[in-house]
Amino acid sequence: MNAVVILTEALARGGKVVWDPPDRPRLLAPPRLHQAIKADRGTVKEILRRAATFREQARTPGPWPYLTLPGVEGDGCISCGVPLSPGQRYRCPVCELAVKLALEEIP
C-alpha cells in the first residue's frame with residue numbers, strides 16, 4: 001500500500017494528526033495500521049512535514065496562499081513541482097493530502 005492510501009485510511013478509521021509542536025506533527029493511528037505505516041514511514045513523515053509547512057503558510061495573514069514548498073518551480077504540482085500524472089490537475093497525491101491536513105481545524 002502506498003503512504004497516501006495508508007494515511008487516508010488511518011484518518012478515516014479514527015486516527016488524527018496532533019499538532020504539538022506545530023512544526024512537528026505526529027500521527028495517532030489505529031494499532032492495526034501501525035505496521036503498514038512503519039513500512040512506508042518515510043513518505044508518511046514527508047506528508048506530515050509538508051502539512052506543517054503548508055499549515056504555517058495558511059496561518060500567515062494576507063491573500064490566500066498557494067501552499068508551496070520553498071523554492072518550488074516548474075509545470076508540475078503547484079506545491080512541490082513534481083510532474084503530474086494524467087488525471088491530476090494541480091497537486092500530486094502527497095501534496096494534496098498534506099494540504100487537506102494543513103487546512104483542517106486551523107486555530
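Throughout, read-outs are computed from the coordinates displayed, never taken from laboratory work. If you're wondering where the values come from, they're calculated on a predicted model, not measured in any experiment. Cβ placement follows ideal geometry from the backbone for every residue including glycine, while neighbour counts extend to all protein chains displayed.
Some points to look at:
- Bins of 5 Å from zero: percent of alpha-carbon pairs in region 4-51: 5, 22, 36, 25, 11, 0
- Rounded Å value of the spacing that divides the Cα centres of region 1-34 and region 67-107: 18 Å
- Taking GluC sites (Glu not before Pro) in DSSP loop states with no more than 11 other Cβ atoms inside 10 Å as exposed sites, the chain has its longest site-free stretch at 1-72.
- Cα-based helix-to-principal-axis angle, 93-103 vs the chain, degrees rounded to 10: 90 degrees
- Label reach from Arg26 (point 7 Å along Cα→C-beta): in region 47-90, amide nitrogens under 17 Å belong to 48-49, 52.
- Sorting Trp19, Trp64 by the number of Cβ atoms found within 10 Å of their own Cβ, with the fewest placed first, yields Trp64, Trp19.
- Gyration tensor (Cα) of region 58-100, equivalent ellipsoid semi-axes in angstrom: 19, 12, 8
- Think of it as helices only: each DSSP H run of n ≥ 4 in the chain is worth -39500 (n - 2.57), and spread over all residues that comes to -13000 deg cm²/dmol at 222 nm.
- For the chain, the percent of C-alpha pairs falling in each 5 Å distance bin, counted from 0 to the bin holding the largest distance, reads 2, 13, 22, 23, 20, 13, 6, 1, 0.
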